[in-house]
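Accompanying notes for the structure given below.
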Amino acid sequence: RVRRPPAPSSWVPDSLQHFDLARTTKSTPVPLPPVQPLQDANGRVLEERDSYAQDVPATPYHPSAWRGRLPGPGMMSKDAANTSGGRLLVF
């Protein structure tokens, strides 16, 4: 019986040979600016997140703490002296 040579271990199609996932072409500013809920004149929700919500738990995306509204970037506590910073969320 004739045996084929072993296939290369990391075969990539010709169409993806030059595709580079590691290259970064632009960056995102960090931290993102704080946001507040906003609706237009017709009642359509333009922004549902609230960076200034006071009752946000330490793990807002965990099922036990989920309240149906996304927390916004740069979440602040009401007694924070530094209003230019936010709270770091670790996932």
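Every read-out reported here was derived from the displayed coordinates using simple, explicitly stated rules and does not represent laboratory data. In this text, all values refer to a predicted model and were calculated from it rather than measured experimentally. Backbone-built Cβ (ideal geometry, glycine too); neighbour counts: all protein chains shown.
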For the stretch 29-78, just say rounded, prolate or oblate: build the C-alpha gyration tensor, square-root its eigenvalues into a ≥ b ≥ c, call rounded for a/c under 1.5, and beyond that prolate if a/b exceeds b/c, oblate if not. oblate
Among 10-19, 43-52, how do they line up by average Cβ neighbours within 10 Å per residue, starting with the highest? 43-52, 10-19
Compute the distance in nm between two label points, each set 7 Å from the Cα along the Cα-to-Cβ direction, one at residue 24 and one at residue 52. 3.2 nm
Toy charge model, Lys and Arg Cβ at +1, Asp and Glu Cβ at -1: the stretch 29-78 dipole around Cα centroid in debye, rounded to 20, equals 80 debye
